[in-house]
Amino acid sequence: MFSVLVKLSWFFKQYWKRYTFAIIALIIVSAIDLIPPKLVGMAIDEIQFNTLTMEHLIDVLLLYGGLIIASYTISYLWDYTLFSGAAIMERSMRSKLMNQFLKMTPTFFRRNKVGDLMARSTNDLTAIQMTAGFGILTLVDSTIFMILIVAMMGFTISFKLTLAALLPLPIMAIVMNKYGGVIHRRFMDAQESFGRLNNYVLESVRGVRVVRAFVQERQDQQRFQHITEDVYGKNVKVAKVDALFEPTITVLVGISYTIGLGYGASLVFHNVITLGEMVSFNVYLGMLIWPMFAVGELINVMQRGNASLDRVNETLQYKPDVLSPNKPRRLDYPDTIEFKGVDFQYPGAEVEGLSQLNVSIKRGQTIGIVGKTGAGKTTLFRQLLREYPGLKGSLQINGIDIQDLDLDTTRSWIGYVPQEQILFSKTIRENIQFGKKDATDEEIYRVMRLAHFLEDMKILPKGLDTMVGESGVTLSGGQKQRVAIARAFIMDPEILMLDDAMSAVDGETEAAIIEHLRKEREGKTTLIAAHRLSAVTHADHILVLEDGRIAEQGTHRELMKLKGWYQTQYDHQQLDREVKE
């Protein structure tokens, strides 16, 4: 049960001063809270024997009032210190998770559903925070506070009465331990189910237009209801065990009270203890109710926190597939890029994504990459981005193997526009500034002109301050592509990679963007993958890929003379364009 505290020891060591102060303050408050019942018992005895004077009563009341003020002040301090420490822990864990997500490659996200990762970043972290805050509180109260109360009862009143009243405690310990094991297993199942629910909701909301287009609202709702019932059922199983804690403790506390009152009355009758001591004992017995409940809460909170921490640590301990070398070689800028006999196969795939690829790219060149769907165009780009491990052969930049270069450095050279444009739920200005944080409006308008987006700005309600919605939902496909291109342009990267980035724009717009591209990218490397061959006719060199291999290569004119796939496809596309016009 307490293994969760061992797993969080790194945090407690880092903030040991905070937790030491909180625990000491909590113990002091517990000790202070033990004094008033004793004062009450002494006062009752003095009343019984007619020895209580007004002066002594005032002294008792003043002392009582002072203890209340001291208890209140110190309670505020430990409460603030302890629970703010728990909030710091949650913030720290959330930052660690976010950093881990940013290091991960596509392999990780293929194995882990986004919804489940969100559940680990929210619900599970909340459970861990409860462990670092409320868990420490219940740990102190269920051990130290209970020991102090028992000691006060035994040493100042009667050991025999104390031992008799505490007879149900061993039974409670055994029962609570059993409950704890069941809570851990069931809470793990409930959290995993919640992760699946999260993922389903995310996919359903993202694909709401497709759901509506196929008139699948009712079926989608039924599937959602089924998953919700599963989450509900598993949480009910947790709640059933959780609900057993309080009545079990209530019964055992009731037994303690019965023993305390019965045996205590007998001791008073035989003058072993006084009536005042009997009253004090019962007040202490009442105070013992919370520590007994705290035992149940402690097991509950610790087991939930342990289950959640295991899930979070599973994510944090996942090793990135691609890492920077310990001693990376330094390079100021990419002058040449060479693929030498490169083979690559996606994890779990049966066929190679690239096979014996040999390409030499010089700085300032524009390289066109074309081929059928699945030919390997995007796969080639991913080798430069180093998204996957397992590259065979050699990919060199300026004669240095890319695996010997710093990962962040190589990626900082690249401006990448993928097939699926990712826009953030921010304004157009903020989306473009993602490529250059301090970009001015003048710079933004300039790259928007290069991306042929200025005309679209006139119809947007707030211009650059127009919110694009989640994933750019308020923009058309072509508009999203051009905003993404503008974002890459503003970086002015050494290597610009456009992965079928103009598929949703018309031919005239594409021609305008290509013309701007030729002027702006002079002296810098540009790689363009496209299905529409008009996007690469201006390229210095064109690669035609087929099943990951280079089937044809050359300039546009050379490829047209070969009369192969490129020439056939180009003529077909030109004929199709003429028919449409």
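Couple of notes before you dig in:
- Any hit, region 286-297, residues being at pLDDT 85 or above and of a type outside the set (Val, Ile, Thr): no
- Taking each residue of region 404-420 that is crowded, with 16+ Cβ neighbours inside 10 Å and looking for partners that are of a type in the set (Val, Ile, Thr) and part of a helix (DSSP H, G or I) with beta-carbon atoms closer than 7 Å, six or more apart or interchain, yields THR410/ILE402; VAL417/ILE485.
- Residue count for region 396-406, restricted to those that are in contact with a Pro (Cβ under 8 Å, 6 or more places away or on another chain) and not in a strand (DSSP E or B): 4
- Within region 316-332, residues that are surrounded by 15 or more Cβ atoms within 10 Å (Cβ to Cβ) sit with their Cβ atoms under 8 Å from residues that are part of a loop (DSSP other than H, G, I, E, B) and basic (Lys, Arg), at 6+ positions apart or across chains, in these pairs: VAL322/ARG386.
- Criterion (surrounded by fewer than 21 Cβ atoms within 10 Å (Cβ to Cβ) and touching a helix residue (DSSP H, G or I) at 6+ places or on another chain (Cβ under 8 Å)) met by exactly one of ARG94, ARG111: ARG94
- Any hit, region 342-352, residues being outside any strand (DSSP E or B), touching a strand residue (DSSP E or B) at 6+ places or on another chain (Cβ under 9 Å) and modelled with pLDDT under 90: yes
- Within region 442-456, the presence of a residue that is of a type outside the set (A, V, I, L, M) and under 25 Å from the mean Cα position of the chain (by Cα) is excluded.
- Only one entry in PHE424, PHE381, PHE453 is at pLDDT below 90, aromatic (Phe, Trp, Tyr) and either touching a Cys at 6+ places or on another chain (Cβ under 9 Å) or buried (at least 17 other Cβ atoms within 10 Å of the Cβ) (or both), namely PHE453.
- Within region 144-161, if we keep just the residues that are in contact (Cβ under 8 Å) with a residue 12 or more places away in the chain and surrounded by fewer than 21 Cβ atoms within 10 Å (Cβ to Cβ), the residue that is nearest to PRO36 (Cα to Cα) turns out to be MET152.
- Candidate set: region 176-186, residues that are crowded, with 20+ Cβ neighbours inside 10 Å and of a type in the set (A, V, I, L, M); chosen: the one nearest to THR258 (Cα to Cα): MET176
- Matching residues in region 446-487 - criterion: being out of contact with any helix residue (DSSP H, G or I) (no Cβ under 9 Å at 6 or more places or on another chain) and either at positive phi or in a helix (DSSP H, G or I) (or both): GLU455, GLY469, GLY477, GLN481
- Some residue of region 476-483 being among the β-branched types (Val, Ile, Thr) and within 30 Å of the chain's Cα centre (by Cα): yes
- Residues of region 15-65 that are under 43 Å from the mean Cα position of the chain (by Cα) and acidic (Asp, Glu): ASP33 alone.
- Where helices (runs of 4 or more DSSP H) fall wholly inside region 147-265, the ranges with 2 or more residues that are at pLDDT below 85 and either closer than 30 Å to VAL279 by Cα or of a type in the set (Asp, Glu) (or both) are 169-206.
- Condition check for LEU357: modelled with pLDDT of 90 or more, surrounded by 15 or more Cβ atoms within 10 Å (Cβ to Cβ) and either over 30 Å from the mean Cα position of the chain (by Cα) or of a type outside the set (Val, Ile, Thr) (or both): yes
- Where helices (runs of 4 or more DSSP H) fall entirely within region 1-118, those with at least 1 residues that are among the hydroxyl-bearing types (Ser, Thr, Tyr) are at 3-7, 9-14, 16-33, 54-103, 106-111.
- Some residue of region 371-384 being touching a helix residue (DSSP H, G or I) at 6+ places or on another chain (Cβ under 7 Å), within 19 Å of LYS524 (Cβ to Cβ) and either outside any loop (DSSP other than H, G, I, E, B) or not small (Gly, Ala, Ser) (or both): no
- For LEU57, the criteria (1) more than 14 Å from GLU277 (Cα to Cα); (2) among the hydrophobic types (A, V, I, L, M, F, W, C); (3) at pLDDT below 85; (4) exposed (fewer than 13 other Cβ atoms within 10 Å of the Cβ) hold in every case but one, which is (4).
- Residues in region 490-535 that are closer than 18 Å to ARG411 by Cα and of a type in the set (Val, Ile, Thr): 5 in all.
- Top-ranked residue in region 236-289 [being among the hydroxyl-bearing types (Ser, Thr, Tyr) and without any contact (Cβ under 8 Å) to a residue 24 or more places away in the chain; ranked as farthest from ALA31 (Cα to Cα)]: SER266
- None of ASP189, ASP116 is surrounded by 19 or more Cβ atoms within 10 Å (Cβ to Cβ), touching a helix residue (DSSP H, G or I) at 6+ places or on another chain (Cβ under 6 Å), among the charged types (D, E, K, R) and in contact (Cβ under 8 Å) with a residue 12 or more places away in the chain except ASP116.
- Condition broken by PHE11, with the remaining ones in (1) of a type in the set (A, V, I, L, M, F, W, C); (2) more than 17 Å from ALA151 (Cβ to Cβ); (3) surrounded by fewer than 18 Cβ atoms within 10 Å (Cβ to Cβ) satisfied: (3)
The values are calculated or read from the model by the stated rules, or taken from the named source; none is laboratory data. None of the values given here were measured: they were computed from a predicted structure. Backbone-built Cβ (ideal geometry, glycine too); neighbour counts: all protein chains shown.
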